1. What are the chymotrypsin sites (Phe, Trp or Tyr not before Pro) within segment 35-96 that DSSP puts in a loop, where the Cβ has at most 12 other Cβ atoms within 10 Å?
2. Kindly write out, for segment 34-48 in residue order, the coupling ³J(HN,Hα) from the Karplus curve 6.51 cos²θ - 1.76 cosθ + 1.60 (θ = phi - 60°), rounded to whole Hz, with x marking Gly and Pro.
3. Using all alpha carbons of segment 1-95, what is the percent of pairwise distances in each 5 Å bin, ordered from the shortest bin to the longest?
4. Loop only by DSSP, 11 or fewer other Cβ within 10 Å of the Cβ. Give me the trypsin sites (Lys or Arg not before Pro) in segment 62-124 that pass, ordered by residue number.
5. Residues with amide H under 5 Å of Asp70's amide H, sequence separation 5 or more or different chain, H placed in the peptide plane at 1.01 Å from N; which?
6. About its Cα centre, what dipole magnitude does segment 31-96 give when the only charges are +1 on Lys and Arg Cβ and -1 on Asp and Glu Cβ, stated in debye to the nearest 20?
7. Quick one: Karplus J couplings for segment 81-96, per residue in order, coefficients 6.51, -1.76, 1.60, θ = phi - 60°, nearest Hz, x for Gly and Pro?
8. Over segment 1-99, what relative contact order in percent results from Cα pairs under 8 Å that are six or more residues apart?
Amino acid sequence: MTSLYIEAENELSISYPDAPADVDGSIPAAIWGKLESYVATRWSTAVVAFEVNCPCAVDWRPPYNPYVIDLVDGEVATVNQFGEVHLTAGRHIVQCTIGGLDVTPGIEEAYRRMAAYYASEDMRGYSRYSVSIGGDISESWSRRRDATALSNSGAADLLTKYRKAGISHV
């Protein structure tokens, strides 16, 4: 089991990879955070405490890749051959080290695209759309401008193979 029983995730510490050498003026934490929010893979390295609430005994692992389970309820974790820890029914605090994967050229390009997009677009405010036909039929929406930055920049295309299908709690 992975994310099904997670009630909370608390980052205790995090360190991001450097920006690609040819990218100036970017804020690495903001861009890495945006890229990693879209996928289950982590290039940054973080220590995360998961609050896991199980209704029954389960074998559990974090929903990110790569990971190392360090502690369960303050004790050194005993990990099975599948990289999972056995949790009994109830609430547990599981501390893990997440990420640290090497940055590939494709991921560097996704970073470049996001940095260029953020530099060229005004991210303040909201995008709004509204249409009304004859008074009875109408449609409208409003969202933050950066909500579509991943797809509009082209970075999402490069992250497809790392996509985190099925992780809905994040």
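1. Phe82
2. Those phi angles translate into 5, 5, 6, 5, 8, 10, 8, 7, 10, 9, 6, 10, 9, 9, 10 Hz.
3. Distribution as computed: 3, 12, 22, 22, 15, 10, 7, 5, 3, 1, 0 percent.
4. Values: sites: Arg91, Arg112, Arg113, Arg124; in loops: Arg124.
Answer in residue order: Arg124.
5. Amide H neighbours of Asp70: Gln95, Cys96, Thr97.
6. 240
7. Residue by residue, segment 81-96 yields 5, 9, x, 10, 10, 8, 10, 7, 4, x, 9, 9, 9, 10, 9, 10 Hz.
8. 34
Laboratory data are not the source of any read-out in this text; all were calculated from the coordinates shown. Computed from a predicted model, the values in this text were never measured in an experiment. Quick reminder, even Gly has a Cβ in these numbers, built from the backbone with ideal geometry, and neighbours come from all protein chains shown.
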